[in-house]
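Heads up, the thing below is written out as structure tokens.
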Ligand code: ZN
């Protein structure tokens, strides 16, 4: 609901694409995936930014990689600034993966610097064709970075990870390709489940009111009208007018619940909930997954899959 103005724009997509050119020839030794028993010291050292990307690289990289993410659960990537320790982790990495499309807004300068000095730096979203991206009017000139909520789009990002890992570690190419293919099939099942889950709500009940506009892709794919209080980024705070408009919208449309987000302070949505007289339907994971190892209904909230399942279950159950 709020206009966002970015002071600087860095073409992060081009950074990733440029870094992929001029690479050494890749030789594939046989077509059989290399064994998973890779000594710890010879694993590919990968540094990632947000938890969704960390999980994606772990799923594709398996035992051949050692991944450390800069941001943990509950961290807001729009506001996150690199610490000295982060710069060291980026320096030590063989390969760097980040989400891109300016999601990591305040980290972009650092990532761009590394992309100039290192060969293996990739925004995972570079494998999504531009025509599939949303360009919301309030984010004029930029693409909406929250692509992971449209599962088929996130599935395309598997290709960047397979490519990036294979470019650094050609001997593992078949292994990464096989894991990538398997993970894509898994994500296709997840997407089918999500469509069915959303289908439990009649279309008029599919209204998702949250803190910031992280769910436009989610809305497009799973048929929800999405109302965010703070706009695409969390850089600017919601105004009183934004709050009043949202309360009015909720009353008019008889929305049953609003939702807080794990990586955004809850205060303003709590205010909306009070003023509109509706319940808080639960906490959604927006720009970060939950804590790895924390289980809910059989899925791990620290994974991308867990994030998607938790969000859909929470939203559908609260709005029924
Ligand atoms: Zn966001």
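For residue 254 and residue 220, what does the FRET efficiency come to when R0 = 25 Å and r is the distance between their Cβ atoms, rounded to the nearest 0.05? About 0.65, to the nearest 0.05. For the chain, DSSP calls about 10 percent of its internal beta bridges antiparallel. Using the Cβ-Cβ distance between residue 112 and residue 42 with R0 = 25 Å, the FRET efficiency computed as 1/(1 + (r/R0)^6) comes to roughly 0.25. Expressed as an acute angle from 0 to 90° and rounded to the nearest 10, what is the orientation of the C-alpha long axis of helix 151-168 relative to the principal long axis of the chain? It works out to around 20 degrees. In degrees, nearest 10, range 0 to 90: what is the angle between the Cα axis of helix 240-252 and the longest Cα principal axis of the chain? Approximately 70 degrees, to the nearest 10. Between helix 304-319 and the chain there is an angle of about 10 degrees, using the helix long axis and the longest principal axis of the Cα atoms.
With R₀ fixed at 41 Å, the C-beta to C-beta distance from residue 63 to residue 317 puts the FRET efficiency at about 0.65. Beta bridges from DSSP with both residues in region 184-320: antiparallel share about 20 percent, rounded to the nearest 5.
Taken along the Cα-to-beta-carbon direction at a fixed 7 Å, the label points for residue 195 and residue 131 span 2.1 nm.
Take every Cα pair under 8 Å whose residues are at least 6 apart in sequence, average their separation, divide by the length of the chain, and the relative contact order is 20 percent. The relative contact order of region 202-319, computed from alpha carbon pairs under 8 Å that lie at least 6 residues apart in sequence, is 21 percent.
Dividing the helix sum by the residues of the chain, where each DSSP H run of 4 or more adds -39500 (n - 2.57), gives a mean residue ellipticity at 222 nm of -13000 deg cm²/dmol. For region 92-249, the relative contact order is 18 percent, taking Cα pairs closer than 8 Å that sit 6 or more residues apart in sequence and dividing their mean separation by the residue count.
Just so you know, all these numbers are worked out from the coordinates, no wet-lab data involved. Predicted, not measured: the structure shown is a model, and the values here were computed from it. Glycine gets a Cβ as well: all are built from the backbone with ideal geometry, and neighbour counts include every protein chain shown.
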